[in-house]
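First up is the structure itself, then whatever we jot down about it.
The values are calculated or read from the model by the stated rules, or taken from the named source; none is laboratory data. Since this is a predicted model, take the numbers as computed values, not measurements. Because the Cβ atoms are built from the backbone with ideal geometry, glycine has one as well, and the counts that use them run over all protein chains shown.
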Amino acid sequence: MQQEHSLRSSHWFARGGKDGFIYRAWLKKQGIPAYELEGKPIIGICNTWSELTPCNSHFRELAEAVKRGILEAGGYPLEFPVMSLGETLIKPTAMLYRNLVSMDVEESIRANPLDGVVLLCGCDKTTPALVMGACSVNIPTIVVSGGAMLTGRHKGRAIGTSDIWRFSEEVRAGRMTQEELALAEAGMCRSDGHCAVMGTASTMACMVESLGLSLPQNAAIPAPDAARKVLAQLSGTEIVKMVKENRRLSDILTREAFENAIRVNAAIGGSTNFVIHLLAIAGRIGVPLNLEDMDTFSANIPLIANLQPSGSHFMEDLYYAGGLPAVINALLGHLHKDCITANGKSIGANYAHAVSYNPDVITGMDTPFNPVSGIVVLKGNICENGAVIKPSAASPHLMQHTGKAVVFEDIDDYKKRIDDPALEVDENSILVLKNAGPIGYPGMPEVGNLGLPAKLLAKGITDMVRISDGRMSGTGFGTVVLHVSPEAAAGGTLAILRDGDIITLDVHERRLHAALSDAEIAKRKAAWQPVYTQSTRGYVQLYQQHVEQAHLGADLDFLKGSSGSEVTRDSH
Ligand code: FES
């Protein structure tokens with residue numbers, strides 16, 4: 001396979017004089033022989049390893065496997081770190097920093113002598129952040145995901161991150177002791193890898209595979225399985241081929257590829273966070289995609305993967321049942337089969353022979369686990385620009401529901417009052433949370449699946465309609481309306497809702513409506529004052545000034561699109 005174009009890295013390493021001397025000499029201090037830098041594709045390995053990102057803590061080993069593949073194929077690997085986002089530890093929320101990481105990735109790739117890049121992605125935001133940054137440069141790129149951890153165990157039964165929400169409610173309802181909770185904690189995270197359910201990290205791994213940005217089987221191989229390292233090594237050989245064939249992200253990320261990803265996400269019951277990240281990625285690569293597309297292309301796709309939180313199994317089970325290839329195979333009749341993927345083959349060719357080994361985990365389109373899946377986009381006077389709900393994780397009896405609003409001005413107000421015995425709330429009420437959006441919090445945290453009032457939990461109530469401008473963990477569930485746009489802090493109608501307002505949610509009609517006249521809404525808006533805090537320095541100030549609303553992907557407005565891979569100034 002011949003390389004028909006000059007290598008980008010040759011602008012550094014093929015130079016004579018002082019410049020070439022400096023570029024080569026300082027790399028050689030790492031013990032690199034001269035011939036390694038002569039005419040070989042230089043491949044960056046963009047590593048989000050960090051001990052503060054427990055889901056990605058095995059990435060140094062994964063990088064070694066990638067390097068073996070790159071060397072074997074005749075390239076030369078250079079690993080570099082970028083800011084990492086650990087969902088569990090980082091405050092106030094990892095989402096606040098997704099765009100910052102994407103800037104780090106974009107500038108690191110463009111500024112350096114790289115011909116191709118391997119993105120090592122794992123914990124939730126590390127995947128979209130790295131893909132967004134790489135899209136804004138658009139050189140050959142392949143993704144290697146870290147894989148999910150092994151299924152947790154507690155008292156002889158399988159547990160995963162979605163159970164944390166259940167345990168928490170059990171403790172609040174007095175049905176689980178602190179000692180039992182500590183035992184569950186000890187059995188939750190048994191190995192390397194990210195959350196073991198179809199949460200956001202697994203959804204993102206499935207997203208990159210269905211977009212064609214990785215090799216087949218990337219999504220579901222468990223982190224500790226030796227096959228994960230094999231896939232990493234094969235991805236290393238593949239990226240060298242991609243450079244030689246000049247297969248760039250824009251060749252793979254077509255409008256049709258995005259439509260495929262939306263359909264696959266529906267079939268697996270993927271996270272609502274998929275919406276916001278896919279919109280942001282489309283914005284970077286320059287593919288027109290809007291919120292309504294999420295509903296349009298997932299509308300007729302049923303749930304065919306039985307995974308928590310929409311179903312009952314775990315990522316490990318998905319892999320043993322055939323992995324994402326078996327899901328994609330079942331869906332092929334609904335996909336654009338000609339879309340090219342990282343290995344140069346089409347989706348149709350890659351997945352033509354994949355089969356399900358366990359119909360209880362991956363079934364066919366005729367025998368779905370739930371005929372309702374995907375992401376429903378709601379419109380109405382509460383959310384003029386849209387809001388989302390994941391029907392497969394919601395309660396059927398609440399899909400059409402009218403109730404009185406119980407309004408919390410922000411998450412602190414919610415925490416203060418939710419368990420107050422005097423709170424006027426019953427199971428028909430609708431909990432409304434304001435100021436959890438991109439600007440208001442800031443960073444749009446995963447607080448949308450508000451815990452229910454303790455007095456209702458004690459009555460055995462397990463779900464209520466909840467509405468907010470925030471997000472929900474991909475591991476969460478419930479009849480939860482999220483991503484309300486415009487958010488409260490931007491002066492959306494959400495901001496002027498009051499206790500007792502009558503709200504109707506109608507998922508079938510795609511409607512979220514407050515029984516308020518236009519005149520009443522206008523009167524309340526005229527008297528409205530923002531209550532969020534505007535940061536006065538640093539990245540957070542920049543973020544609050546430039547972040548777009550959720551229905552556009554919550555990217556920074558000046559990061560849309562690409563600056564390409566050319567370095568325009570050369571100071572040596
Ligand atoms: Fe990292 Fe769940 S905390 S994927």
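What the table shows:
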quantity: Breaking point among (1) closer than 22 Å to GLN233 by Cα; (2) of a type outside the set (S, T, N, Q); (3) more than 18 Å from the chain's Cα centre (by Cα), for ILE164; calculated: (1)
quantity: Hits in segment 221-240 - residues which are part of a helix (DSSP H, G or I), touching a residue at least 24 places away in the same chain (Cβ under 8 Å) and away from the ligand (no atom under 16 Å from the Cβ); calculated: LYS229, VAL230, LEU231, ALA232, GLN233, LEU234, SER235, GLY236, THR237, GLU238, ILE239, VAL240
quantity: Meets criteria (small (Gly, Ala, Ser) and without any contact (Cβ under 8 Å) to a residue 12 or more places away in the chain) for SER346; calculated: yes
quantity: Residue in segment 115-137 that is acidic (Asp, Glu), at pLDDT 95 or above and buried (at least 19 other Cβ atoms within 10 Å of the Cβ) present; calculated: yes
quantity: Segment 170-184 - residue that is surrounded by 17 or more Cβ atoms within 10 Å (Cβ to Cβ) and in contact (Cβ under 8 Å) with a residue 60 or more places away in the chain and, of those, farthest from GLY460 (Cα to Cα); calculated: ARG172
quantity: Condition met for SER271 (among the hydroxyl-bearing types (Ser, Thr, Tyr) and crowded, with 21+ Cβ neighbours inside 10 Å); calculated: yes
quantity: Residue in segment 563-570 that is under 20 Å from PRO486 (Cβ atoms) and either basic (Lys, Arg) or touching a Ser or Thr at 6+ places or on another chain (Cβ under 8 Å) (or both) present; calculated: no
quantity: Sole residue being over 26 Å from SER473 (Cα atoms) and either over 22 Å from the mean Cα position of the chain (by Cα) or more than 16 Å from the ligand (Cβ to nearest atom) (or both), chosen from ARG248, ARG190, ARG263; calculated: ARG248
quantity: Subset tally (residues that are farther than 19 Å from VAL547 by Cα, of a type in the set (A, V, I, L, M, F, W, C), part of a loop (DSSP other than H, G, I, E, B) and in contact (Cβ under 8 Å) with a residue 40 or more places away in the chain) for segment 84-126; calculated: 2
quantity: Residues satisfying the stated conditions in segment 59-83, i.e. in a loop (DSSP other than H, G, I, E, B) and more than 16 Å from the ligand (Cβ to nearest atom); calculated: ALA73, GLY74, GLY75, VAL82
quantity: Residues of segment 149-169 satisfying the condition of being of a type in the set (Phe, Trp, Tyr) and free of Cβ contacts under 8 Å to residues at least 24 places away in the same chain; calculated: PHE167
quantity: Any hit, segment 186-194, residues being modelled with pLDDT of 95 or more, in contact with a strand residue (DSSP E or B) (Cβ under 9 Å, 6 or more places away or on another chain) and closer than 30 Å to LYS345 by Cα; calculated: yes
quantity: Check on CYS135, more than 16 Å from the ligand (Cβ to nearest atom), within 20 Å of PHE274 (Cβ to Cβ) and not basic (Lys, Arg); calculated: yes
quantity: Segment 73-90: number of residues that are surrounded by fewer than 21 Cβ atoms within 10 Å (Cβ to Cβ) and polar (S, T, N, Q); calculated: 1
quantity: Residue match in segment 201-220 (condition: part of a helix (DSSP H, G or I), within 15 Å of the ligand (Cβ to nearest atom) and closer than 23 Å to ILE70 by Cα); calculated: yes
quantity: Selected residue (criterion: surrounded by the most Cβ atoms within 10 Å (Cβ to Cβ)) from residues of segment 203-237 that are farther than 24 Å from ARG248 by Cα and within 19 Å of the chain's Cα centre (by Cα); calculated: ALA220
quantity: Condition met for GLY344 (on the phi > 0 side of the Ramachandran plot, surrounded by fewer than 18 Cβ atoms within 10 Å (Cβ to Cβ) and not in a strand (DSSP E or B)); calculated: yes
quantity: Residue within segment 443-450 that is in contact with a helix residue (DSSP H, G or I) (Cβ under 6 Å, 6 or more places away or on another chain) and in contact (Cβ under 8 Å) with a residue 60 or more places away in the chain present; calculated: yes
quantity: Filter result (away from the ligand (no atom under 16 Å from the Cβ), within 18 Å of PRO438 (Cα to Cα), of a type in the set (Gly, Ala, Ser) and in contact with a helix residue (DSSP H, G or I) (Cβ under 8 Å, 6 or more places away or on another chain)) within segment 471-501; calculated: SER485, ALA488, ALA489, GLY491, ALA495
quantity: Selection count where residues are part of a loop (DSSP other than H, G, I, E, B) and either away from the ligand (no atom under 16 Å from the Cβ) or surrounded by fewer than 20 Cβ atoms within 10 Å (Cβ to Cβ) (or both), scope segment 34-56; calculated: 6
